[in-house]
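Participant: Take this structure first; my questions come after.
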Amino acid sequence: MNIQALLDSLTDLRIAGTILFVFFLTGIFFGYNFAPKPLAKALICKNEIEQLNILNSQMESLRLEHLNDIARIQKESVKLQEKLCTDKIKKYRQACLSLKCEICEASK
């Protein structure tokens, strides 16, 4: 083997190694710069806290709507009971008056 041939092959090997190393570094550089970045923990916590605040306000508004519905239904129920009682009282009063009239007529 010729020493000059060995030197040429080593030079070619260094050039190929350098090219591969540059490609490797370029790949690392672009991979790092274009890879999706993880969100910061503080940002994730901030988003979760905002979501919790929204859910808490929705829960509070639903609870208030529920209580308002219960109050409205109770009010309607009381009105219906009063109407039924009033109707029954009128019915029995009319029955008592007609019975009183029958008693008066029978005693004459």
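For every residue, the table says whether it meets (1) more than 13 Å from the chain's Cα centre (by Cα); (2) surrounded by 10 or more Cβ atoms within 10 Å (Cβ to Cβ); (3) among the charged types (D, E, K, R).
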position: 30; (1), (2), (3): yes, yes, no
position: 36; (1), (2), (3): yes, no, no
position: 41; (1), (2), (3): yes, no, yes
position: 45; (1), (2), (3): yes, yes, no
position: 51; (1), (2), (3): no, yes, no
position: 56; (1), (2), (3): no, yes, no
position: 59; (1), (2), (3): no, yes, no
position: 66; (1), (2), (3): yes, yes, no
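Participant: Only one of 47, 68 is at pLDDT 95 or above, part of a helix (DSSP H, G or I) and polar (S, T, N, Q); which?
Facilitator: 68
The values are calculated or read from the model by the stated rules, or taken from the named source; none is laboratory data. All values reported here derive from a predicted model rather than from experimental measurement. Using ideal geometry, Cβ is built from the backbone for each residue, glycine included, and neighbour counts are taken over all protein chains shown.
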